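Chemist: Before I ask anything, let me first share the structure, which is written out below as structure tokens.
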Amino acid sequence: MQIGAVFPQTEIGADVGAVRAYAVRVEELGFAHILAYDHVVGADPAVHSPWRGPYDITTTFHEPLVLFGYLAAVTSLEMVTGVIILPQRQTALVAKQAAEVDLLTGGKFRFGIGVGWNAVEFEALNETFENRGRRSAEQIEVLRALWTQQVVDFRGKFHRISHAGLNPMPIQRPIPIWFGVGSRDHQVPPEAALRRIARLADGWSPNLTPDAQGQAIVARVHGYAREAGRDPAKLPLEGRIRLAGQGPDGWEKQVNAWKALGATSVIAEPRGGGLSFPDGHLDVLRRFNETVKEAS
């Protein structure tokens, strides 16, 4: 099982030295990949009241694709977005940025996407919130065309490309697209989201608990994949393990639960435990990695 680490966006601050030190040490500890969350702007809760989102204008978020361009120069980790909020971004532009990251990392880039929840952010980026699911499905088609065809001629409901293409092209053709789905507050995703995963994803990273409810969600996705003529065994799954509030016994139980659910990799989440940065984060990641190696 491959083990990755979360880049702790909301707890890392703006110290470039700390950004570099964290990523370099994550690689030294033996993690295979690093995952970064995405938000472009935060809402002011004093104006957007009552505000129930987990993040606001005070929350730090480094831009993932720019960040990965920097990290590609200082580590050889695989870079993973977890997730880029795809429908609030221009498709051809994000295709160009992703292709560049793939090139700079030597083909070690996984493009995780989601449809988002923050209407304020969509408004700021001049994109429509209400059709984001339908639009993202077409975006995926456009992305794969731009990553594999030198010249693209595309006419869709939301996109028009007239005989144009990217240069340079990515190393991976196409870059793997993984879907993020679910949240702490809504662990049972909408039916439409599960069907999109089954039909379109190269892999998925559900934000769920690997229990009976999680097993039922995975079974539904596998069933929809078969309906779409796809082999569920070729739809890899990554679990997320929150390290705060538990120790090695709890971590080992979670790893085993995700394995039982069919996960091919897990991502370690050090945020939320009141840990100092970077030393506290890195220490708990070290202990988690040792626990997983001993259990395997």
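Chemist: Between 65, 86, 77, 71, which is open to solvent by less than 50 Å² (accessible area, probe 1.4 Å) and closer than 21 Å to residue 182 by Cβ?
Modeler: Residue meeting the stated conditions: 86.
Chemist: Across the stretch 125-149, what is the total count of residues that are open to solvent by less than 50 Å² (accessible area, probe 1.4 Å) and of a type in the set (Lys, Arg)?
Modeler: Qualifying residue count, the stretch 125-149: 1.
Chemist: How many of the residues making up the stretch 5-54 are of a type outside the set (Val, Ile, Thr), under 18 Å from the mean Cα position of the chain (by Cα), within 30 Å of residue 291 (Cα to Cα) and open to solvent by less than 50 Å² (accessible area, probe 1.4 Å)?
Modeler: Here the count works out to 12.
Chemist: So residue 231 clears everything in (1) surrounded by fewer than 22 Cβ atoms within 10 Å (Cβ to Cβ); (2) within 22 Å of the chain's Cα centre (by Cα); (3) modelled with pLDDT of 95 or more; (4) of a type in the set (D, E, K, R) except one condition, right? Which one?
Modeler: (2)
Per-residue answers, yes or no, for (1) in a strand (DSSP E or B); (2) in contact with a His (Cβ under 9 Å, 6 or more places away or on another chain):
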{"position": "3", "(1), (2)": "yes, yes"}
{"position": "11", "(1), (2)": "no, yes"}
{"position": "14", "(1), (2)": "no, yes"}
{"position": "19", "(1), (2)": "no, yes"}
{"position": "24", "(1), (2)": "no, no"}
{"position": "30", "(1), (2)": "no, no"}
{"position": "35", "(1), (2)": "yes, no"}
{"position": "38", "(1), (2)": "no, no"}
{"position": "41", "(1), (2)": "no, no"}
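Chemist: Would a scan of the stretch 246-258 turn up a residue that is within 26 Å of residue 139 (Cβ to Cβ) and among the acidic types (Asp, Glu)?
Modeler: Among the residues of the stretch 246-258, not one is within 26 Å of residue 139 (Cβ to Cβ) and among the acidic types (Asp, Glu), which makes the answer no.
Chemist: Determine, yes or no, whether residue 294 is modelled with pLDDT of 95 or more and exposed (fewer than 14 other Cβ atoms within 10 Å of the Cβ).
Modeler: For residue 294, the condition - modelled with pLDDT of 95 or more and exposed (fewer than 14 other Cβ atoms within 10 Å of the Cβ) - is not met.
Chemist: On to the next question. From (1) modelled with pLDDT of 90 or more; (2) within 18 Å of residue 254 (Cβ to Cβ); (3) open to solvent by 20 Å² or more (accessible area, probe 1.4 Å); (4) in contact with a strand residue (DSSP E or B) (Cβ under 9 Å, 6 or more places away or on another chain), pick out the condition that doesn't hold for residue 178.
Modeler: (2)
Chemist: Exactly one condition in (1) open to solvent by less than 30 Å² (accessible area, probe 1.4 Å); (2) touching a residue at least 24 places away in the same chain (Cβ under 8 Å) is not met by residue 152; state its number.
Modeler: (2)
Chemist: Do you know which residues across the stretch 246-289 are in a helix (DSSP H, G or I) and under 24 Å from residue 20 (Cβ atoms)?
Modeler: 279, 280, 281, 282, 283, 284, 285, 286, 287, 288, 289, listed by residue number.
Chemist: Pairs only if they're at least six apart or on different chains, beta carbon under 6 angstrom, first in the stretch 218-239 and in contact (Cβ under 8 Å) with a residue 12 or more places away in the chain and in a loop (DSSP other than H, G, I, E, B), second of a type outside the set (Ser, Thr, Tyr) and buried (at least 17 other Cβ atoms within 10 Å of the Cβ); list them, first residue then second.
Modeler: Pairs that qualify, where the first residue is in contact (Cβ under 8 Å) with a residue 12 or more places away in the chain and in a loop (DSSP other than H, G, I, E, B) and the partner is of a type outside the set (Ser, Thr, Tyr) and buried (at least 17 other Cβ atoms within 10 Å of the Cβ), are 228/198; 235/225; 236/203.
Chemist: Identify, from the list 106, 112, the residue that is among the small types (Gly, Ala, Ser), open to solvent by less than 20 Å² (accessible area, probe 1.4 Å) and farther than 16 Å from residue 43 by Cβ. Walk me through it before giving the result.
Modeler: Values: 106 fails: open to solvent by less than 20 Å² (accessible area, probe 1.4 Å).
One residue alone meets the criteria, 112.
Chemist: Hey, does the stretch 196-215 have a residue that's open to solvent by 80 Å² or more (accessible area, probe 1.4 Å) and without any contact (Cβ under 8 Å) to a residue 12 or more places away in the chain?
Modeler: There is no residue in the stretch 196-215 that is open to solvent by 80 Å² or more (accessible area, probe 1.4 Å) and without any contact (Cβ under 8 Å) to a residue 12 or more places away in the chain.
Chemist: Could we say that residue 121 is under 26 Å from residue 150 (Cα atoms) and among the acidic types (Asp, Glu) here? Working first, answer last.
Modeler: Details: under 26 Å from residue 150 (Cα atoms): no; among the acidic types (Asp, Glu): yes.
No: the conditions fail for residue 121.
Chemist: So, one more: When residues of the stretch 261-276 are filtered for being within 22 Å of the chain's Cα centre (by Cα), touching a residue at least 40 places away in the same chain (Cβ under 8 Å) and open to solvent by 30 Å² or more (accessible area, probe 1.4 Å), how many remain?
Modeler: Count: 3.
The values are calculated or read from the model by the stated rules, or taken from the named source; none is laboratory data. Just so we're clear, the structure is a prediction, and the values are computed from it rather than from any experiment. Positions of Cβ are generated from backbone atoms using ideal geometry, with glycine treated the same way; all protein chains shown enter the neighbour counts. Note: accessible area is taken over every heavy atom of the protein model, side chains too, but ligands, DNA and RNA are not part of it. Shrake-Rupley method; radii C 1.70, N 1.55, O 1.52, S 1.80 Å.
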